[in-house]
Amino acid sequence: MISIPMRIVFVAAALVFAGCASSRSLDKSVSDLSANADLKGVLFVDRSHDYSDIDITVYEGRLLLTGTMRSDDGRKKLIENAWKSDGVVQIIDEIFVGDRTPFGQGFEDTRIDQTLRARMIASDEVVSGNYKIAVSGAIVYLIGSASTQIEIDHANNLARSISGVKKVVSYATLRNVSPIR
């Protein structure tokens, strides 16, 4: 059995490796984790609405909200709460107002998510660490950044090629890349 201090060392090493494996800085990754945790804390305290069917995805301060709220008032309150999170510079509202996600659809969304993650990792054309994925109602949402449009196109095509995907919505952007001199 691994001791608790050793587990902490392994987790820290994994975070450092994950930060180094992608082209994002460790600082930005930690900032995104902090913004995510901050918003989840705010939503946990706010009992005025049920936020359990909402997915929170943060990438370089851009907050992507996906999932379902039962009312437009709940959606508006969610966005109001989201602006309370430190580190959030943009909110992308992809919330659907309606009934909760059916149980079976949740499993299908998870299957799509895991399939896309595996394909991105295996791809020579896509740096998987450049993207975060959210899947809601068989719609794939990608947020991230890449150094070329070709990579973004490959990531979008990988998502589109998965059976059961209804649509791909990409918020991937091009990074400012310094010209080679």
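Each reported figure results from applying straightforward, stated rules to the coordinates on display, with no laboratory input. Note that the structure is a prediction, hence the values are computed from the model and not measured. Every residue, glycine as well, gets a Cβ built from its backbone with ideal geometry; the counts of neighbours run over all protein chains shown.
Run the quick spin-label model on Ala138 and Asp27: label points 7 Å from Cα toward the beta carbon, then report their separation in nm to one decimal.
Inter-label distance under the simple model: 4.4 nm.
Return the loop-located trypsin sites (Lys or Arg not before Pro) in region 82-115 (DSSP other than H, G, I, E, B) with at most 16 other Cβ atoms within 10 Å of their own Cβ; answer none if there are none.
Within region 82-115, the qualifying trypsin sites (Lys or Arg not before Pro) (loop, at most 16 other Cβ atoms within 10 Å) are Lys84, Arg100.
Using θ = phi - 60° and the Karplus form 6.51 cos²θ - 1.76 cosθ + 1.60, what ³J(HN,Hα) does each residue of region 96-102 get, whole Hz, x for Gly and Pro?
9, 9, x, 5, 4, 5, x
Taking 0.36 nm per intervening residue step and subtracting the Cα-Cα distance, what contour gain separates Ile150 from Asn176 on full extension?
Extending this stretch completely gives an extra 7.9 nm.
Before anything else, pin down the relative contact order of region 103-174: Cα pairs under 8 Å, at least 6 apart, normalised by residue count, whole percent.
Relative contact order comes out at 33 percent.
For a 26 Å ceiling on Cα separation, which of these pairs sit above it: Lys28/Lys167; Lys40/Lys132; Lys28/Lys166; Lys84/Lys167?
Violating the 26 Å limit, Cα to Cα: Lys28/Lys167; Lys28/Lys166; Lys84/Lys167.
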